[in-house]
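Below is one structure, written out as C-alpha cells; the observations come after it.
Throughout, read-outs are computed from the coordinates displayed, never taken from laboratory work. Note that the structure is a prediction, hence the values are computed from the model and not measured. Methodologically, a virtual Cβ is constructed for each residue, glycine included, from the backbone with ideal geometry; neighbour enumeration extends over all protein chains shown.
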Amino acid sequence: MMREFDFGRMTEMAPKAPLHLPAGVRAPSYGRYLEDFTDGAVFVHPRGMTLPRGLCQDFATTFMECNPLYLNEVYAQACGHPTTPVSPLMVLATVLSLGVQNDSEKAIAHLGYYDVHFPRPVYPGDTLRALTRVVRRHERGPGEPGIVAVRTIGLNQRDELVLQYDRKILVPRRGDAATASTPLAAEAQFPDAAMPLLLLPVPGALPAYATGRETFFEDFAPGQVILHANGRTVTDEHFAWTYRVGNTHPLHFDRMYSAARSGAMSGEPIVYGGLVFSWLAGLASRDTSENALWDLGYTEGYHTQPTAAGDTLYALSRVLDVAPAEDDLHAGIVTFQLIGLKNLNGAAALDRYGADLFLKENDKKKLGKDKAPEKVFEIERRLLLRRRPS
Amino acid sequence: MMREFDFGRMTEMAPKAPLHLPAGVRAPSYGRYLEDFTDGAVFVHPRGMTLPRGLCQDFATTFMECNPLYLNEVYAQACGHPTTPVSPLMVLATVLSLGVQNDSEKAIAHLGYYDVHFPRPVYPGDTLRALTRVVRRHERGPGEPGIVAVRTIGLNQRDELVLQYDRKILVPRRGDAATASTPLAAEAQFPDAAMPLLLLPVPGALPAYATGRETFFEDFAPGQVILHANGRTVTDEHFAWTYRVGNTHPLHFDRMYSAARSGAMSGEPIVYGGLVFSWLAGLASRDTSENALWDLGYTEGYHTQPTAAGDTLYALSRVLDVAPAEDDLHAGIVTFQLIGLKNLNGAAALDRYGADLFLKENDKKKLGKDKAPEKVFEIERRLLLRRRPS
Amino acid sequence: MMREFDFGRMTEMAPKAPLHLPAGVRAPSYGRYLEDFTDGAVFVHPRGMTLPRGLCQDFATTFMECNPLYLNEVYAQACGHPTTPVSPLMVLATVLSLGVQNDSEKAIAHLGYYDVHFPRPVYPGDTLRALTRVVRRHERGPGEPGIVAVRTIGLNQRDELVLQYDRKILVPRRGDAATASTPLAAEAQFPDAAMPLLLLPVPGALPAYATGRETFFEDFAPGQVILHANGRTVTDEHFAWTYRVGNTHPLHFDRMYSAARSGAMSGEPIVYGGLVFSWLAGLASRDTSENALWDLGYTEGYHTQPTAAGDTLYALSRVLDVAPAEDDLHAGIVTFQLIGLKNLNGAAALDRYGADLFLKENDKKKLGKDKAPEKVFEIERRLLLRRRPS
C-alpha cells in the first residue's frame, strides 16, 4: 500500500550540529577472528541477492562459458528448463560471497572447497540467500592463525536448497585487537542435506547445431589430458565483479588495503577466487563442458597462488573417470581434474612439469617436490555430459 | 503495424559523391555558454532512458550498495514495493546526466547540489526523462565565467515527478567563440513542486536476516562519527559508466580532451560526480543506510576535488540529527553528513584534520583554514531508517 | 519434466586416476585453414545467444548510441515497435562473433564488409544463431595466405532472417601444421535472400522532446562533412566485451597470444572490429543518426588499422546522397560515409589530409597516395531518417 508522507523541507545542519571527538567515533569492522567461531554456530548472512537475467548472462559470457545451456534460451528449453539456468559457477561465486561478511572478511586465506553440489537449478529472477554453520575450529597453537571448517548452504526464495559446500578458511586470532566483530545471529535453522538428490529436467531432442562435435560423453576416456588453447588476460574489471556477485572483502578492490598487506597477498588487489575458478572453467568449456547437462559437483578445490589484474589465465583438463548415467538422460558422467595456470599456457606447463602438474600442490612437500609458481588453481569436477546424438 | 518495404540494393557511392570542402564542413557542438542561459528558460532534454533491471542491479552492486532494498526482491516486496526500486543515487546520476547535453557539456565545473528529493520510487522498466529550468544567471564580471542556478526534474513514463533538485554550474562565456550552441527548446511545461510529498509503501514485517545488527534507527545519535573501513580503487570502468547513465560530457571518457585542458581538471579523465557520490554512499551503506526505507533528500552537496581512475575512495559519516517519523512506518529520520576522501582512509583523515574535516570546504577560506586536498566530496543526507525489530 | 536423481557422493580421484602422457594429450584448435574452405560449404555455427534486455542496453550505452529508439521504450513504442529494438550494430557484432569459431579464429585479418542488411528488427529476449556459406576461396599462390569470401546470415528463434552480409577474410594455409581444425557441419539449409525486403513498423506521432533539432532528413545535403566533437578512449573493457557478444578469437583478450604475434597485430590485444565500428557509429550518432528509424544497410566497410586499449577513437561523416522514401514513413534516406580515427580528431585529420581522408585506403596505392596511419575504419551507411515534424 502506497501512502503520501510529508517530511518537510531539508535544511542545512552541519555547521551547528554536534561533533563528539574522539568519544563518538565508531569504526565498524566485519568478518570474525578465530575466537569468534564456535563449533555448531550458524551465521545467517545478510542481504541476499536477486539475480537478474542480464547479470546472469554477463557472468556467463564474461567468464567465457561456451555451454549453450547458459547462453541460449531455445537450447535450454530443449533441455527441459523453463529458461536458461544460472551457471552453477555463478551460484557458487554468489553464495560464497554473501557469506564473506560473516565468514572470511578477516580471513587470511581460503584454503579449499569440498563436496560442492547444486541440488536444483537456479533461474534468472530467483533470489538467493546464504547460511553458514561452523563445522570445526582447529587451533594451531598460541599466536598462530587457526583453520575453520564451515558448511555453507544457498537457498532460493522458496527456501529450497540450491547449493551446499564445505570450505576451510585460515583465520587470524583476535589477540590484542580491540575491534569488535559482528555479533552472532540468533539461533537459526540450517536445512542442509547429508547427500542431496538432484532435481533436473529430462532433456528432449536437442538441436544439433548448438555444440561442437568432439565434446560428447563418448569423446572422453580416463588418462586423457586436454590443453585449452586460449588464455584470458584478467583486467581490473575484477574490482567491480567482486561486488557484483556480493563479495565485500577489500582485498579484491581496495588497492591501498592490498598494498599495506604483507606476504603473498600484498601488492595489487587479488582476484576473488570464485572469479578465477569461473574463468578457468570457461576457458575449458569449449573442450570439456559445452555438452554438459549439469555440474554434478566439485571437490578438492584449491587456490594455490594468487591472481591479479594483468595475469593471463590458461587451463588444462585431465579426464579422471567416466561412468554411465540413467538411460533416459542420454548422458554419461565424466570427472575432470581442472588445472589453472597464470602466464604460462597448458602446453608449456606440461613441457615444464610433466606428470607433476597433476599432483596436488598441498601434497608436493611430502613428496619432496617444489610447488609450481604458475599454478593458480586445481579442482576435481564431475559433469553430466550428453551422449553423441545418433 | 509492421509492413514490408523494398529499399533496393545499396551500391558503393563514395568515389563519385560530392565533397564540399571547406564550405560543407559542420562541427556540431553541445552544451551552452553563459550567454545562452536566460532566467526562466526551460530545456527539454533529449533521449530519455528506460532502466532495465540488469542495469539497475549493476549500478547497485558496482557502486557497492549494501541495502537489500536495492538487491533483493523478496526483501523489497516485504517493504511494500512491487519489486526492488531503482536506487535513488542511480535516479540522480541518470537524470542529471540526461541534462548534460543542454546544461553543462560546456561547463567548467559543477558547483553544488541543493534540495534533492525523490518524491516517488522508480522501478526497473520505468523510462525517465528530464527537464531543466534556468533559475538565475549570475554574472561575475566581463570575461569571467558566470554561475548558473538551475532546477532539474525527472519524470517517469506517466509524467509523474520522481526527482527534483537544484544545482549550480560554473559556465564560460561564449566570448569570440563562433561555435553555435544547441538552440532553445520550444516553451514547455515544467511540473516541479514547491515541496513535493513522498509516496512510499508502508512496510510490513521484514525478514530479520537481511541486515546487520547495528544500523537501526536506535543505533545513531547526533555527534557520532563513523569511519567506513573499506575503500574502493576506481578503475577506468568509469569511462563506460558515464554513458551507461546517459552522460555525454567528454571530460569523463576522452583522454585527449582531458589532456588538452588546463588546471585542476586536466590530465586523466575525471570521474563523473554522480558516480563518485554513488561509490561514497555505497562505501557508507553497510554502516549507515542498509536499513534505510528511503532517501528523504540531500542538500549542500559539493565535489571539492576531482577523482580519476587509480584513486582509492574512502568515506566517513557524521550523525547530524535524529528525529521520529510517523508511527506506522516503524522508522525514524537520521541526517548524516557524508564525507568522501581519496587515497586516505577515514581514520587517517580524522588524525590529520580533526574537527576541520567536517567544515565545508567553501567555508574554510573565511575561517582562515586550508582546504584538504584528499577531500573529494561532502553532502548532507536525510534517511528514513527502520527501527530495530522488537 | 523435472525428476530427482541420485548421483551419490563425489570422492577424490586424482591421486589414483590414470594419466596418459604424452599419448593422451589433445590440443583442440578452432577456426579453419585456407584448405578447409570449400566453395559452397555451409557452416552451422554453435551456441547461438539470447539477448537479454540488460545486455542490449549495455551495448547501446557503452558504445554511445544517442538514438532514443535503442534507449527509450516509450519512444520505441511511438515508432511502432513493441519495445526498444536491439541496435543493428549489436546484431552485427553478435552474429559475426558467433561465426568466428568456424570462420576466422585462425584468420590473419578481416578484410571487409559488403551488403550488410537487417531485414527485420531483433528485440530483447530474442535468440540469435548464425550460419555461413563459403562463397569463394581465392588462392594467392603457394605458401601465401588466401582470401575467402563468405556470406553469413543471422536467424532469430523463429528462423526468420534478421541479418545478412558478405565478408572477406585473409586466411593462412595449413601447410605443415598438424593441428586438426573443426570438421565441417553436416549439410544445412542456408535461407539467405537475393535481396531481402525490410519489415518495419510505420511510425506514429513521435515525441518532440526526444531528439535534437539538426538531425532530421532535411538537415543533410550531399557533400557535407560533419566533424563529431567527442572522442572515446577505449579501455581494456574490450577484453570482456569480445566474449559478451560471443567472439572467441584470442587476439582480443589474451595478451600473451597477442605479444607472441608478429606484424601489425602484435603487441596489445586488438579491439574486435565489431566494437570499433559500434563506437564510431555511436560517436557519430548525435549528429547523424539520432533520428534514424532504421539502418538500411552498410557496404564497403574496412578496418584499415588496428585499435588497442588506450587509443582514443574519433569519427567524422560525409553525406554521400539523400533520397526520398515512401510518404507514410515521414522519412528520407541519407547515405553517409563514416570515417574512424585514432588519437586524432576529425578537425585535425581534415587539416592534415584534406579530401584524401575520404579516399578508400585500399585505393590509395594505385592513386600514388600514402595510407593515413590514424584512420582505423571506413564504411558507407544508408539510414532512414525522420523528416522534421511540422
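Assign one of three labels to the protein assembly as shown, namely rounded, prolate or oblate, based on the Cα gyration tensor with a ≥ b ≥ c the square roots of its eigenvalues; rounded applies when a/c is under 1.5, prolate when it is not and a/b is larger than b/c, and oblate otherwise.
On the way: a/c = 1.62, a/b = 1.00, b/c = 1.62.
Oblate.
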Practice problem: Mind ranking A:280-290, A:131-141 by how tightly packed they are, going by the mean number of other C-beta atoms within 10 angstrom, highest first? | Solution: A:280-290, A:131-141
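Take every Cα pair under 8 Å in the stretch B:255-390 that's 6+ residues apart, average their separations, divide by the length, and report that relative contact order as a whole percent. Could you put the intermediate results ahead of the total?
Values: 231 pairs, mean separation 43.1, N = 136.
Relative contact order, the stretch B:255-390: 32 percent.
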Quiz item: Once you list every other residue whose beta carbon is under 10 Å from the beta carbon of A:Ser104, what net charge do they have if Lys and Arg are +1 and Asp and Glu are -1?
Solution: +1
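Once the other residues with Cβ under 12 Å from the Cβ of A:Glu361 are scored (Lys, Arg +1; Asp, Glu -1), what is the net sum?
Values: positive: A:Lys360, A:Lys364, A:Lys365, A:Lys366, A:Lys369, A:Lys371, A:Lys375; negative: A:Glu300, A:Asp356, A:Asp363, A:Asp370, A:Glu374, A:Glu378.
Taking every Cβ under 12 Å from that of A:Glu361, the sum is +1.
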Quiz item: What net charge do the residues around A:Gly146 carry, taking every other residue with its C-beta under 13 Å from that of A:Gly146, with Lys and Arg at +1 and Asp and Glu at -1?
Solution: +3
Practice problem: Work out the mean other chain Cβ neighbour count within 10 Å for the residues of C:66-73 and drop it here as an integer. | Solution: 5
Exercise. Determine the shielding of peptide C:92-104 by partner chains: average, over its residues, the number of Cβ atoms on other chains within 10 angstrom of each Cβ.
Key: 0
Quiz item: Quick one: length gained pulling C:Ala355 to C:Gln157 fully straight, 0.36 nm per residue minus the C-alpha distance?
Solution: 66.7 nm
Quiz prompt | Over chain C: helical MRE at 222 nm, DSSP H runs n ≥ 4 each giving -39500 (n - 2.57), nearest 500 | solution = -5000 deg cm²/dmol
Exercise. Starting from the Cα gyration tensor of the stretch A:1-138, take the square roots of the eigenvalues, sort them a ≥ b ≥ c, and report rounded, prolate or oblate (rounded when a/c is under 1.5, otherwise prolate if a/b is larger than b/c, else oblate).
Key: oblate
Quiz item: Amide H to amide H under 5 Å from B:Glu105: which residues, 5+ apart in sequence or cross-chain, H placed 1.01 Å off N in plane?
Solution: B:Gly31, B:Arg32
Quiz item: When only Cα pairs under 8 Å and 6 or more residues apart are kept, what is the percent relative contact order across the stretch C:339-384?
Solution: 58 percent
Quiz item: What order, most packed first, do the peptides A:376-389, A:33-46 have when packing is the mean number of other Cβ atoms within 10 Å of each residue?
Solution: A:376-389, A:33-46
Quiz item: In whole Å, what is the distance between the alpha-carbon centres of the stretch A:68-125 and the stretch B:257-284?
Solution: 35 Å
Quiz item: For label points placed 7 Å from Cα toward Cβ, what is the shortest-first list of nm distances from A:Asp327 to its copies?
Solution: 7.0, 7.0
Exercise. With a Förster radius of 41 Å, plug the Cβ-Cβ distance of B:Asp6 and A:Glu218 into 1/(1 + (r/R0)^6) and report the FRET value to the nearest 0.05.
Key: 0.25
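What is the packing order of peptides B:161-169, B:188-196, A:311-319, taking the mean over residues of other C-beta atoms within 10 Å and listing the highest first? List each step's numbers first, then the result.
Values: B:161-169: 21.1, B:188-196: 12.8, A:311-319: 25.6.
Descending packing order for the listed peptides: A:311-319, B:161-169, B:188-196.
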Quiz item: Quick one: helix C:88-98 against the long Cα principal axis of chain C, what's the angle to the nearest 10°, folded into 0 to 90?
Solution: 10 degrees
Quiz item: What list of ³J(HN,Hα) couplings, whole Hz, do you get for the stretch A:54-67 from phi and the Karplus terms 6.51, -1.76, 1.60, once you set θ to phi - 60° and write x for glycine and proline?
Solution: x, 5, 4, 6, 4, 4, 4, 7, 4, 8, 6, 5, 10, 7
Practice problem: Specify the angular offset, from 0 to 90 degrees and rounded to the nearest 10, of the alpha carbon long axis of helix A:273-288 from the longest principal axis of the alpha carbons in chain A. | Solution: 10 degrees
Quiz item: In whole percent, what relative contact order does chain B give with Cα contacts below 8 Å and a gap of six or more residues?
Solution: 18 percent
Quiz item: Going by how many other Cβ atoms sit within 10 Å of their own, how do B:Thr11, A:Thr242, B:Thr94 line up, fewest first?
Solution: B:Thr11, B:Thr94, A:Thr242
Quiz item: Which whole-Hz ³J(HN,Hα) couplings does the stretch B:117-125 yield from phi under the Karplus relation 6.51 cos²θ - 1.76 cosθ + 1.60, θ = phi - 60°, glycine and proline marked x?
Solution: 9, 10, x, 7, x, 10, 10, x, x
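Mind checking A:233-246 for the average number of partner chain beta-carbons within 10 Å of each residue's beta-carbon? Show your work: numbers first, answer last.
On the way: counts 12, 5, 12, 9, 8, 1, 6, 10, 3, 4, 9, 5, 1, 3.
That average works out to 6.
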Quiz item: When we measure straight from the Cα of A:Lys371, which lysines land under 21 angstrom away, once same-chain ones fewer than 8 places off are left out?
Solution: A:Lys168, A:Lys342, A:Lys360, C:Lys16
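How high is the FRET efficiency from C:Ala347 to B:Ile108, r the C-beta distance, R0 25 Å, rounded to 0.05?
0.70
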